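**Q** The structure follows.
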Amino acid sequence: MFKVFILDDDEMFGKLVEYSLRYEPELEVHRYLSGKKMLADLHKKPSIVILDYSLSDMNGMDVFKQVNAFSNEIPVIMLSGQSNVEIAINMLRKGVRDYIIKSEEWENRLLVTVRALMKTAALKTEVEELKEALEEKYQFQHIIGVSEPMQKVFSLIKKAAQTNITICISGASGTGKELVARAVHFNSTRKKKALVSVNMGAIPKDLIESELFGHEKGSFTGALARRMGKFEEATGGTLFLDEITELDFSMQVKLLRVLQEQEITRVGGTGRIPIDARIIVATNKLLEEEVSKGRFREDLYYRLYGFPINMPLLKERGDDCLLLANHFLREFIKSNKLEKKELSPDVIRIIMSYGWPGNVRELKAVVERSAILAEGKEIGKEHFIVSNIIQQGEIELDNYTLDEIKVFMIKRLLKRYNNDIEKVADHLQIGRSTVYRLMKPEGEPADTQN
């Protein structure tokens, strides 16, 4: 159902406009005499606004500006008794969809414009629905992919989820190994229990044993109370051990024993505690190579390598690159309440031709950054900066506000170019005034000395 707002302080003419639309299907018409009253009802989200240029309580242009400020997605048709070419051109330049003179032909002109807008809106809705259906079709627990390599991964996930076999996920950084672990867990019989994730590379070596197996009170300095380890937390669920090759030989031996005996002993304790957790490990290294070089125990390798899943590089995934980019763009715009934006043809070419050494993680960071830099409805190649401004791991976009990310980027470049605003602007391909504006998100003067 298309909702049409008609605003004209001439009640008789407003009724004529409403009457002219009487045979249009799926139209819900709301007629107003007051601009203020109509603006107060914008929350009802009209599909089209038809308004008179000359109103008694407001100027038609002012009404248009407020409608546009509320949502630039609402098309506005301006009706006027003034046959002024200059005004008409100005209105159209400002974004009014049509400027119609109240002459003998106004009704036919209005119907043509309304029908065209309805058709455009219907096509847009259809395209959005098809996009969502396509994305839903090829998503597997939030993993997006249509490529053959990813279809193979999906097939392996489905097979692995049906059993309790230990899984080893391998692949370069940023390929989505943790997402695969989540997909396996949430499609298994253990999905109602916890999925516990542990990054081996992020825990000091002298604390890993306590982290995994827990400790008793007083077992070491700082152990002020008994604490469960990750194996116990994952009881009945899944334990995901990321960067498994970061374990030293001593911990490899202890982990092997736990996997063989299916029980743990807390640090400082003597009692044996049975465990019931499905084990999934991940690595960005070749485990076979680590074994051959003597850095990883062969017996542990065989224990962990029960069901291997290898994640392809993003550059090997073909059309997935664009599918992912559009997904990240929509999600970022939605979560940050930004104006809707689209990727330009130039950006699409970059996405499909670039090698993406940082894989999906790099693509996500670049897309989110471009959404911030682009001020219009289209993201151009000048906004889509594939570089090392934000190094992998240096900044996690999800943890920062938009303003903080803007300041971070500008400060990084100011440092690189010794506070030369002009060089920063050239690098980002934006104006100097934009650099200053990005540096003062809350209206404060930009501090270019930090």
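Residue by residue, here is whether (1) aromatic (Phe, Trp, Tyr); (2) within 28 Å of residue 83 (Cβ to Cβ); (3) surrounded by fewer than 20 Cβ atoms within 10 Å (Cβ to Cβ) holds:
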{"site": "8", "(1), (2), (3)": "no, yes, no"}
{"site": "13", "(1), (2), (3)": "yes, yes, yes"}
{"site": "17", "(1), (2), (3)": "no, yes, no"}
{"site": "20", "(1), (2), (3)": "no, yes, yes"}
{"site": "25", "(1), (2), (3)": "no, no, yes"}
{"site": "35", "(1), (2), (3)": "no, yes, no"}
{"site": "41", "(1), (2), (3)": "no, no, yes"}
{"site": "45", "(1), (2), (3)": "no, no, yes"}
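**Q** Moving on to the next point. Identify, please: which residue in the range 419-450 is at pLDDT 80 or above and not in a helix (DSSP H, G or I) and is, among those, farthest from residue 380 (Cα to Cα)?
**A** Only one residue fits best here, namely 419.
**Q** In the range 174-187, is there at least one residue being more than 30 Å from residue 316 (Cα to Cα), in contact with a Gly (Cβ under 7 Å, 6 or more places away or on another chain) and crowded, with 20+ Cβ neighbours inside 10 Å? Write out each step before concluding.
**A** In the first step, residues of the range 174-187 are kept if they are more than 30 Å from residue 316 (Cα to Cα); the result is none.
There is no residue in the range 174-187 that is more than 30 Å from residue 316 (Cα to Cα), in contact with a Gly (Cβ under 7 Å, 6 or more places away or on another chain) and crowded, with 20+ Cβ neighbours inside 10 Å.
**Q** Every residue in the range 1-25 that is out of contact with any Lys or Arg (no Cβ under 7 Å at 6 or more places or on another chain), within 17 Å of residue 75 (Cα to Cα) and touching a residue at least 40 places away in the same chain (Cβ under 8 Å), please.
**A** Correct list: 2, 4, 5, 7, 8, 17, 21.
**Q** Also, quick follow-up: Among the residues of the range 81-100, write down those that are surrounded by fewer than 13 Cβ atoms within 10 Å (Cβ to Cβ) and within 34 Å of the chain's Cα centre (by Cα).
**A** 93
**Q** Could you please find all residues in the range 261-275 being at pLDDT 90 or above and either outside the structural domain of residue 227 (by TED's automatic domain parsing) or polar (S, T, N, Q) (or both)?
**A** Correct list: 262, 265.
**Q** Pull up the range 76-98, narrow it to residues that are of a type outside the set (A, V, I, L, M) and in contact (Cβ under 8 Å) with a residue 24 or more places away in the chain, then point me to the one that is nearest to residue 6 (Cα to Cα). Quick ask: steps written out before the conclusion?
**A** Going residue by residue through the range 76-98, those that are of a type outside the set (A, V, I, L, M) are 80-84, 86, 90, 93-95, 97-98.
Retained after the next criterion (residues that are in contact (Cβ under 8 Å) with a residue 24 or more places away in the chain): 80-82, 94-95.
Working: 80: 13, 81: 16, 82: 18, 94: 20, 95: 18 Å.
Going through the qualifying residues, I end up with 80.
**Q** Separate question: Taking residue 349 as meeting all but one of (1) under 19 Å from residue 180 (Cα atoms); (2) assigned to a helix (DSSP H, G or I); (3) more than 17 Å from the chain's Cα centre (by Cα), write down the number of the exception.
**A** Only one criterion in (1) under 19 Å from residue 180 (Cα atoms); (2) assigned to a helix (DSSP H, G or I); (3) more than 17 Å from the chain's Cα centre (by Cα) is unmet by residue 349, namely (1).
**Q** Which condition from (1) within 28 Å of residue 191 (Cα to Cα); (2) without any contact (Cβ under 8 Å) to a residue 12 or more places away in the chain is the one that residue 301 breaks?
**A** Answer for residue 301: the failing condition is (2).
**Q** A follow-up question, please. Find the helices (runs of 4 or more DSSP H) located wholly in the range 1-80 whose residues include 1 or more that are within 41 Å of the chain's Cα centre (by Cα), and list them. Lay out the reasoning, then the answer.
**A** Numbers: elements: 11-20, 35-40, 60-70.
Passing ranges, in order: 35-40, 60-70.
**Q** Looking at this structure, is residue 394 charged (D, E, K, R) and modelled with pLDDT of 85 or more? Give the steps one after another, and end with the answer.
**A** On the way: charged (D, E, K, R): yes; modelled with pLDDT of 85 or more: no.
No.
**Q** Going through the range 286-322 one residue at a time, which ones are within 28 Å of the chain's Cα centre (by Cα), in a loop (DSSP other than H, G, I, E, B), crowded, with 16+ Cβ neighbours inside 10 Å and among the charged types (D, E, K, R)? Can you show your working first?
**A** Residues of the range 286-322 that are within 28 Å of the chain's Cα centre (by Cα), as a first pass: 309-322.
Those still in the list that are in a loop (DSSP other than H, G, I, E, B) too: 311-313, 317-319.
Checking the rest, the ones that are also crowded, with 16+ Cβ neighbours inside 10 Å come to 311-313, 317-318.
Listed by number, the list holds a single entry, 317.
**Q** Being out of contact with any Ser or Thr (no Cβ under 6 Å at 6 or more places or on another chain), modelled with pLDDT under 95 and at negative phi: is that true of residue 289 here?
**A** yes
**Q** Report, by residue number, each residue of the range 237-279 that is of a type in the set (Phe, Trp, Tyr) and crowded, with 19+ Cβ neighbours inside 10 Å.
**A** Applying the first criterion (of a type in the set (Phe, Trp, Tyr)) to the range 237-279 yields 240, 249.
240, the sole residue that qualifies.
**Q** Looking at 128, 178, 211, can you tell me which residue is outside the structural domain of residue 356 (by TED's automatic domain parsing), touching a strand residue (DSSP E or B) at 6+ places or on another chain (Cβ under 7 Å) and free of Cβ contacts under 8 Å to residues at least 24 places away in the same chain?
**A** Answer to the selection: 211.
The values are calculated or read from the model by the stated rules, or taken from the named source; none is laboratory data. What you see is a predicted model, and the numbers here were worked out from it, not measured in a lab. Positions of Cβ are generated from backbone atoms using ideal geometry, with glycine treated the same way; all protein chains shown enter the neighbour counts.
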